[in-house]
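A.B. asks: Mind having a look at this structure? Questions to follow.
Readers should treat all values here as calculations from the given coordinates under stated rules, not as data from a laboratory. Not measured: the values here are computed from a predicted model.
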Amino acid sequence: MAIENPIVTSAGALPPPAMDASPQRQRSLARAAQHDILRRLTPPLRHDMVVHLQSLGMMAEALSARMERGAVASDDLAGSVSKLNRLSRQAVARCLEVCTWMEPAEDDTITLREGATEIVRLLSTSLNFRGFDLRMELGDGEFDVSRSALRFLLAAAILTLTDAAPAPGEVAVRTEQSSSHGVIAVEYQPQPQGTFTQLHEAGDAPLSWVEVQALAQEHGVELLRSGQAIILRLPRAVITTPLTMVPV
């Protein structure tokens, strides 16, 4: 399979995965991969939900304490209620956003740049604690891809490389696009000796590469791996069914 994208060619010879299983077996492997990736992402996803709820709770407690002391003027009370309302909307929106990991939204598309940014933001803190510096090099242009495919497969690529890494290092996520595909390259490079004192273990079993391959095939994504580099080639997302109108 010849891929002329410069990101892909820089990774060297990347043989296509050998997948030989019945459609039912493929679906089972894909579901197993998705479940395992969600399991690994539970801590950062939980944090994403809790951070807004904590802000809401802290503000409500502060307002309650002021009201008990009789130290809240009517104008201050109205302003505080407005802030509580805004924070509650943000908390609900974030919880609904996290739920789309389990059940994709009706319009399950996202630009390549936005999707990569979301996953890097989600994983940066936990990987930094383990000794990995996650950074991005985003290409120009807008290219729509399946959000679910990008989410799960980019997260799987990053976790796979860091789980297999022999030492702390840098994980670069680079994006480019062609006329028909969005391309994401994930590459691990070890850091110079002495940068970190210890590589912290993930504490979880590594993802099954065979299952990840099945998930990629389920989404029509080309998944290529060579040593410390993984390439994703995602087809352009095309909406084939009309969106459901929400009653006003």
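A.B. asks: Sequence-distant or interchain residues sharing an amide H contact under 5 Å with Thr109, placed H: which?
C.D. replies: Amide H to amide H, under 5 Å and 5 or more residues apart or across chains, Thr109 pairs with Arg147.
A.B. asks: Right, another one. So what's the Cα pair-distance distribution over segment 101-186, bin width 5 Å, in %?
C.D. replies: Each 5 Å bin holds this share of Cα pairs: 3, 14, 27, 23, 16, 11, 5, 1, 0.
A.B. asks: Using the Kirkwood radius built from alpha carbon pairs, what does the Stokes-Einstein equation give as D for segment 84-123 at 10 °C and 1.306 mPa s, in µm² per second? List each step's numbers first, then the result.
C.D. replies: Working: Rh = 11.5 Å.
In µm²/s, the coefficient is 138.
A.B. asks: Calculate one ³J(HN,Hα) per residue across segment 148-159 by plugging θ = phi - 60° into the Karplus curve 6.51 cos²θ - 1.76 cosθ + 1.60, and present them in order as whole Hz with x for glycine and proline.
C.D. replies: My calculation for segment 148-159 gives 4, 4, 5, 4, 5, 6, 5, 4, 5, 5, 5, 5 Hz in order.
A.B. asks: Across segment 120-131, in residue order, what do the Karplus-derived ³J(HN,Hα) couplings come to in whole Hz, using 6.51 cos²θ - 1.76 cosθ + 1.60 with θ = phi - 60° and x for Gly and Pro?
C.D. replies: Result, rounded to whole Hz: 5, 4, 5, 9, 4, 5, 5, 6, 5, 5, 7, x.
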